[in-house]
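Please read the structure below before turning to the comments.
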Amino acid sequence: MFTKITIGALLFIQILFFSAKKDSPEAMEYSFYVGTYTQENSEGIYRYLLQTDGTLKKVGLAAKDDNPSFLTKSPDGRYLLAVNELGNDAGEGGTVKSYAIEGDKLTLIDEKPSAGSYPCFVSVDEAGHVLTANYGSGTVGLLQLSSSGTLSGPSDILKHTGQGTTSRQKGPHAHSAWFDPNGDAIITVDLGTNELWFSHLDGSHDKLLPMDPPKLAMAPGAGPRHMTFHPSKPWAYVINELSSTVTQLKKGSSGHYEIVNSISTLPSGYQGENSCADIHISADGKFLYASNRGHNSIAIYQISESDGSMKLIGHESTRGDAPRNFSLSPDGAFLLVANQNSNNIVSFKRDAKKGTLTLVDEIEAPSPVCLLF
């Protein structure tokens, strides 16, 4: 009798142990790539490690490249795409490259024109369609990534026209281009025209065709730059570089996005210069993060589960100058910031229940402008 009870108790304890282990996954070590500007000490794209405790480790140079200012991966994780932020007065000169991811190194496979000058963003969908946003020329290029990593195109070029109301908005400046997860739209964000542009992909002819309506105007002088999408609701959030605000969008009954409201990224009473750069939402949709350059902080918002509205709950210093880009680790446990002007990457532990950030580590990085897990 005693033996049976002991074995049963041990089995019960064992079941509890493995259940707890399953519900509480261990922290992971993640590799990430750093896109840079190469006018000074950088040589291209670097590889780093985010270790299990949130500390950072430099692996080394993964590929020599010129101004690889924005990076993305193919959906299968085999290839890395990088835009080279180069250009000339004729509105040309930018390129996009594809690399094979091979251990610590990136092996160049192909290079094509980005369809404009000074490209600053690249994205790719499941079918291998590639979008490039060219800031200098105000154009968006459509290319194709093959299963072997080669690039073709550009097969089409979307040319933005118009201007905004500030000195930074005298002409179009395409800053990012997105595949809308809430439908089949392609959304291109233009800081110069102060608008979001909507198109859809004609796959049979590899063309970008305007939707109806084709554009959504932001508040005068806002200067939209990047956006992020709620993981389960038809809501999107736009970071406005010039006005230091975040704008919530909602997809209405008509199937088109509408502006709900905007909220500042800055603390009350702040009078210094500032421009915003990047924006991301947590995987559970509960918290939104936005970067301030000038105030040099990450603004933290709580997202209402009922209507997607934002509540500013605090700021965390980035411990550096000009946080150009930041990224959440794949498990959401950490937030990493690339401080462009102070040449450092900073790691923060993220509280999944409160959304707050706690400093963990920082490491040197030459002119970091993009972080890609």
What trypsin sites (Lys or Arg not before Pro) in region 154-221 are in a loop by DSSP, with at most 13 other Cβ atoms within 10 Å of the Cβ? Lys170
Remind me, relative contact order of the chain in percent, using alpha carbon pairs under 8 angstrom and six or more residues apart? 11 percent
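Please state the relative contact order of region 282-373 as a whole percent: Cα pairs under 8 Å, 6+ residues apart?
On the way: 220 pairs, mean separation 19.7, N = 92.
Answer for region 282-373 is 21 percent.
Probe radius 1.4 Å, ligands and nucleic acids ignored: give me the carbon and sulfur share of the accessible area of the chain as a rounded percent.
On the way: 8590 of 16350 Å².
C and S atoms contribute 53 percent here.
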Tilt, helix 2-23 to longest principal axis of the chain (alpha-carbon atoms), in degrees rounded to tens, equals 10 degrees
Straight-distance crosslink candidates among aspartates and glutamates, where the alpha carbon sits under 14 Å from Lys159 and sequence neighbours closer than 8 are dropped: Glu92, Asp190, Glu195
Helical mean residue ellipticity (222 nm; -39500 (n - 2.57) per DSSP H run of 4+; nearest 500) of the chain: -2000 deg cm²/dmol
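Would you please put 309-317, 35-43 in order of how densely packed they are, using the mean number of other Cβ atoms within 10 angstrom per residue and starting with the highest? Please list the in-between numbers first.
On the way: 309-317: 16.2, 35-43: 17.9.
Result, highest mean Cβ count within 10 Å first: 35-43, 309-317.
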Select one label from (i) 58, 45, 40; (ii) 80, 48, 31; (iii) 87, 46, 45: the one whose number is Cα extents along the principal axes in Å as derived from the coordinates shown. (iii)
Give me the distance between the Cα centres of region 189-203 and region 225-279, rounded to whole Å. 16 Å
Of Lys105/Lys353; Lys57/Lys354; Lys64/Lys207; Lys112/Lys250; Lys58/Lys97, which pairs sit farther than 31 Å apart, going by alpha carbon to alpha carbon? Lys105/Lys353; Lys64/Lys207; Lys112/Lys250
Heavy-atom accessible area per residue of the chain, all protein chains kept, 1.4 Å probe, expressed in Å², is 44 Å²
Dipole of region 97-178 (Lys/Arg Cβ +1, Asp/Glu Cβ -1, origin at the Cα centre): which of Ser98, Ser147, Ala133 lies farthest to the positive side? Ala133
Lys/Arg +1, Asp/Glu -1 at C-beta; the chain dipole; positive extreme among Ile45, Leu158, Phe348: Phe348
Return the aspartates and glutamates within reach of Lys349: Cα separation strictly under 15 angstrom, same-chain partners fewer than 8 residues apart disregarded; answer none if there are no such residues. Glu26, Glu29, Asp53, Glu316, Asp331, Asp361, Glu362
Can you work out the Karplus-derived ³J(HN,Hα) for every residue in region 266-282? Use 6.51 cos²θ - 1.76 cosθ + 1.60 with θ = phi - 60°, whole Hz, and x for glycine or proline. 10, x, 4, x, 5, 10, x, 6, 7, 9, 8, 10, 10, 8, 8, 10, 5
At what distance in angstrom do the alpha carbon centres of region 304-351 and region 42-115 lie from each other? 22 Å
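The values are calculated or read from the model by the stated rules, or taken from the named source; none is laboratory data. Source: prediction; values computed, not measured. Virtual Cβ from ideal backbone geometry, glycine too; neighbours counted across all protein chains shown. Note: areas computed on protein heavy atoms with side chains; ligands, DNA, RNA excluded. Shrake-Rupley method; radii C 1.70, N 1.55, O 1.52, S 1.80 Å.
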